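Take a look at the structure set out below.
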Amino acid sequence: MENKVPMLEIENLHASVGGNAIIKGINLVVNEGEVHAIMGPNGSGKSTLALVLAGHPAYEVTEGSVRYDGQDLLELAPEERARKGVFLAFQYPVEIRGITNAYFLRFALNAIRAEQGIEELDTIDFLDVLKEKLEIIGWDESMMNRPVNDGFSGGEKKRNEILQMAILEPRLAVLDETDSGLDIDALKTVAAAVNKLRKPDNATIVVTHYQRMLNYIEPDFVHVLADGRIVKSGGKDLALELEEKGYDWLAPEVAAV
Amino acid sequence: MSKSSTAETRYVDQFKQFSANGGKSAPAWLKELREDAIGRFENLGFPTTRDEEWRFTSVKDIVAQQYELATKRELPSLDVAAVAVSPGDSHRIILVNGKFVAGPAPESLPDGVAIHSLGRAFESHGELVRLHLAKYSCERENVFAALNAAFITDGVFVFVPPEIVLDRPIEIIYVSTSNRPMVCHPRCLVIAGRGAKAVIIENFTALEGSEYFTNAVSEVVLDANADIGLYRIQREATNAHHVATTQIYQSRDSRFALTTVAFGAALARHDIQVVLDGEGAECSLRGVYSIRGSQHTDHHTVIDHAKPHCNSFEHLNGVMDDSSRGVFNGRIIVRKGAQKTDAKQNNGNLLLTESARADSQPQLEIYADDVRCTHGATLGPLDQQSLFYLESRGIGEADAKRLLTYGFGAEVFTAVPDSALRERLNKLLKDHLGAANAK
Ligand SMILES: Nc1ncnc2c1ncn2[C@@H]1O[C@H](COP(=O)(O)OP(=O)(O)OP(=O)(O)O)[C@@H](O)[C@H]1O
Ligand SMILES: [Mg+2]
């Protein structure tokens, strides 16, 4: 048996937004090298969990703990989490007008490099990094001089999230419905990029509604989230089963959602 | 009006002095124009906040100050390269306290192009100047423009003859150097012939931070199919006062694009007036104002769609920090018969503190029925979702805020066609906001 190194340990996590309890006791351990898929009906709390992990200030953790590499993740500011390798590909990426993609990406990469004690990249050196990463997601440089996500199609925004992931090389990547809005070719490219970025010592959480994505990014575990709790966990076959039967068969409380 | 009557009298006395001395050698028509203007100034008097056009902007500090009229003509030691916005090979003009002190060598200009002092133009282009000078600016209603006209001696004259395309920009650097309260009335007249094309930069800056008052008027006249890009950078000293009118007159199929940047002055008021007086004319006004401390910046724009089939586009964004206040008033007039007008207006206001303030007023006056006019205004703090997005990528809160603030301004410049100038404007903004951060 190989030695499992826990990276993320979520224990009895409760979180609320605007006074409404959304996450109601989640337990989940993600070890190095693993891919976990999280599925579940609309409004079950998948994005809330993802945003809590990234440190969104609107979401309040009311109970429980999250440890990341043995450290208390919840006490870190969002940017500190990112600098330590936590990355969230947003379900709804934000448009930042007036800032070009290239400028933003270099700024972010340099912030992370500074944390790691690596020297900052100037525009020219960054361009080399950028070119290499653009290739992974099949883009040319023209997208880089456009403002971040401004006027991007839904699919382009998702691809841009993966580009950011490719550049920032996170240790823990949470992909929140990155597959939604992608056509089949784009999905293949994005999935291939995610697979290419996998390393034995990083981990990925894939939030999705569709088995389709999981054909390309094969999960080690599949969890079903319903009403703020994980109501079922299993191997990759669980996703197939969900695709076939939906969520209703799982538990009375899920059916009630 | 009676309250400030002493102030008006002071300027009228100054005018009499000026007419007998520095202004003596002018052609008769100009003397007449000035007399006319000072008369109108006296009649109108300085505005108060009871005047609709000045509701949010009080000029009482200007009225109260006893400014001396700038008369000296001298070239200070000035690092032009550091102040200039355009590349080194541009045609540069320097005005010091409103007086023309240096311009490009005539032999460096294409045939027929004139870039020199307005004073010289009274002789070299007398008829042309007489035809256009002070003919468009709304001096009838605009007391500061009238005051400026009363003191016209020199200033800048640019003439681009028909079908001439200037491949290098013209940069006019207006420098204030005074170390005591002083008023100057810089004047600029640009005439673009049929199909002529040029890029012009007006760059207002100061060597010393005294309480001077700049009262500037620029007029740009575009003949049919002419194309003028005007950039205007206002970085006056932070305790100076800056009142200005930019008046544009467009003939058919002409294109005019203004990009303004306003960072300076304790009090800045800029009136931008465009008359689209020929079918197919097109204009765009873009601007960024970014102020802090107790600065006050007011933009009043009027776009007059006098003829059918004209397009106008307007986008001004203001960043207000500390307890500064930004004012925007955007008036769009669509005259009777100006069908197929397409006018878009947008004013964004970013309030970085609780005590910063912004007033934004669209004013649509539409007398035609087949037109498209849209306007929008936003007002508020930095967007929290955007802030979180940047932070989630490892960017610290202070940097993220600065980046977003910068983006809010830079967004306006995205459409600036000349990439070198766009980069220059972006850098000005970056440096300006960086300085704010370091305070
Ligand atoms: N900022 C917020 N304010 C109020 N309610 C919120 C907020 N964010 C999420 N919610 C609510 O929390 C619940 C869970 O939302 P969440 O976005 O986490 O669901 P999800 O599982 O990601 O759904 P989907 O599959 O549609 O993306 C929903 O009822 C949602 O309306
Ligand atoms: Mg979601």
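The values are calculated or read from the model by the stated rules, or taken from the named source; none is laboratory data. Given the structure is predicted, the values throughout are model-derived calculations rather than measurements. Cβ atoms come from the backbone with ideal geometry, glycine included; neighbour counts cover every protein chain shown. These accessible areas exclude ligands, DNA and RNA; they are computed on the full protein's heavy atoms, side chains included. Shrake-Rupley method; radii C 1.70, N 1.55, O 1.52, S 1.80 Å.
Assign unit charges at the C-beta atoms only (+1 for Lys and Arg, -1 for Asp and Glu), then state the dipole size of the protein assembly as shown relative to its Cα centre in Debye, rounded to the nearest 20.
Details: 73 positive and 97 negative charges, 401 e Å.
In debye, rounded to 20, the protein assembly as shown gives about 1920.
Using alpha carbons only, how many angstrom separate the centre of segment A:92-136 from the centre of segment A:142-181?
Centre-to-centre distance over Cα atoms comes out at 13 Å.
Would you work out if segment B:382-439 is rounded, prolate or oblate? Take a ≥ b ≥ c from the square roots of the eigenvalues of the alpha-carbon gyration tensor; rounded if a/c is under 1.5, else prolate when a/b is larger than b/c, oblate otherwise.
oblate
Ranked from highest to lowest mean number of other Cβ atoms within 10 Å per residue, what is the order of the peptides B:73-82, B:228-237, B:118-127?
Numbers: B:73-82: 10.8, B:228-237: 22.5, B:118-127: 16.0.
Per-residue Cβ counts within 10 Å, averaged per peptide and sorted highest first, yield B:228-237, B:118-127, B:73-82.
Beta carbons within 10 angstrom, averaged per residue: use that to sort the peptides A:243-249, B:129-135, highest first.
B:129-135, A:243-249
Take each of the peptides B:251-264, B:85-98, average the number of other beta-carbon atoms within 10 Å over its residues, and list them starting from the highest.
By packing density, highest mean first, the sequence is B:251-264, B:85-98.
Work out the mean other chain Cβ neighbour count within 10 Å for the residues of A:112-120 and drop it here as an integer.
Going residue by residue through A:112-120 and averaging, the value is 1.
Quick one: if you stick a label point 7 Å off each Cα along the C-beta vector at A:ALA77 and A:ALA192, how many nm between them?
Between A:ALA77 and A:ALA192, the label points sit 4.0 nm apart.
Specify the inter-centroid distance of segment B:35-51 and segment B:131-190, based on alpha-carbon positions, in whole Å.
If you average the Cα positions of each part, the centres end up 20 Å apart.
Mean residue ellipticity at 222 nm from the helices of the protein assembly as shown, using -39,500 (n - 2.57) per DSSP H segment of n ≥ 4 over the full residue count, to the nearest 500 deg cm²/dmol?
So the calculated ellipticity at 222 nm is -8500 deg cm²/dmol.
Put +1 on the Cβ of every Lys and Arg and -1 on every Asp and Glu Cβ in segment B:3-277; which of B:SER124, B:HIS241, B:ALA28 then has its Cα farthest towards the positive end of the dipole?
Of the options given, the answer is B:HIS241.
According to a simple spin-label model (label point 7 Å from Cα along Cα-to-Cβ), what is the distance in nm between B:ASN179 and B:ALA415?
4.6 nm
State, to one decimal in nm², a quarter of the convex hull surface area for the C-alpha atoms of segment A:6-256, i.e. the direction-averaged projected area.
13.3 nm²
Please give the FRET efficiency for B:GLU354 paired with B:ALA64, using the beta carbon to beta carbon distance and R0 = 41 Å, rounded to the nearest 0.05.
That pair, B:GLU354 with B:ALA64, gives E of 0.90.
Among all helices in chain B defined by DSSP H, which have a length of 15 Å or more along the axis from Cα atoms plus a Kyte-Doolittle mean of at least 1.0?
The qualifying helices: there are none.
Leaving out ligands and nucleic acids, and using a 1.4 Å probe, what accessible area per residue does segment A:6-256 come to in Å²?
On the way: 10560 Å² over 251 residues.
Accessible surface, normalised per residue, equals 42 Å².
Just to be sure I understand: if you take the accessible area of chain A alone plus chain B alone and subtract the pair, with a 1.4 Å probe, what total do you get in Å², rounded to 100? Mind showing how you got there, number by number?
Details: alone 12330 and 18040 Å², together 28280 Å².
Roughly 2100 Å².
Only loop residues by DSSP count here, and only those with at most 12 other Cβ atoms within 10 Å; note down the trypsin sites (Lys or Arg not before Pro) in segment B:322-399 that meet that.
Answer by residue number: B:LYS336.
Other chains near B:394-406: what is the mean number of their Cβ atoms within 10 Å of each residue's Cβ?
5
Under a 1.4 Å probe, what is the accessible area of segment B:1-150 per residue, stated in Å²?
Per residue, segment B:1-150 has an accessible area of 52 Å².
For A:ASP201, put the label point 7 Å out on the Cα→Cβ axis and report which residues of segment A:160-176 keep their amide N under 17 Å from it.
A:169-173
At a Förster distance of 45 Å, what's the computed FRET efficiency of B:ALA82 paired with A:SER233, Cβ-Cβ distance as r, to 0.05?
0.10
Using Cα centres only, tell me the gap between segment A:10-65 and segment B:216-266 in whole Å.
Measuring centre to centre over Cα atoms gives 54 Å.
Can you give the average number of partner chain beta-carbon atoms within 10 Å of each beta-carbon in peptide B:381-389, as a whole number? Kindly include the intermediate steps, with their values, before the conclusion.
On the way: counts 0, 0, 4, 3, 6, 6, 4, 11, 13.
Mean number of neighbouring Cβ atoms from other chains: 5.
From largest to smallest, what semi-axes in whole angstrom does the protein assembly as shown give when each is the square root of 5 times an eigenvalue of its alpha carbon gyration tensor? Before the final figure, lay out each step's value.
Values: eigenvalues 712, 119, 111 Å².
Over the Cα atoms of the protein assembly as shown, the ellipsoid semi-axes are 60, 24, 24 Å.
Nearest 0.05, what FRET efficiency do A:LEU127 and A:ASP69 give at R0 = 45 Å with Cβ-Cβ as r?
Taking R0 as 45 Å, the efficiency between A:LEU127 and A:ASP69 is 0.90.
Against the empirical 2.2 N^0.38 Å scaling, what ratio does the C-alpha Rg of segment A:76-212 come to?
1.00
At 0.692 mPa s and 37 °C, plugging the Kirkwood radius over alpha-carbon pairs of segment B:341-386 into Stokes-Einstein gives what diffusion coefficient in µm²/s?
The calculation lands on 256 µm²/s.
Which loop-located GluC sites (Glu not before Pro) does segment A:80-172 contain, where loop means any DSSP state but H, G, I, E or B and the Cβ has at most 10 other Cβ atoms within 10 Å? Walk me through the intermediate numbers first.
Working: sites: A:GLU80, A:GLU95, A:GLU115, A:GLU119, A:GLU120, A:GLU132, A:GLU135, A:GLU141, A:GLU156, A:GLU161; in loops: A:GLU95, A:GLU119, A:GLU120.
The qualifying sites are A:GLU119.
Which of the lysines could be linked to A:LYS133 by a straight reach, that is with a Cα gap under 21 Å, when you skip same-chain ones fewer than 8 residues away?
A:LYS84, A:LYS157, A:LYS158, A:LYS188, A:LYS196, A:LYS199
Evaluate the distance, in nm, between pseudo-label points positioned 7 Å from the Cα of B:GLU52 and of B:ARG10 along their respective Cα→Cβ axes.
3.0 nm
So what does log10 I(q)/I(0) come out to for chain B at q = 0.10, 0.12 Å⁻¹, using the Debye formula with one equal point on every Cα and no solvent?
-0.68, -1.01
Want the number for B:ASP383 to B:ASP167: 0.36 nm per residue separation, take away the alpha-carbon distance, what's left?
73.7 nm
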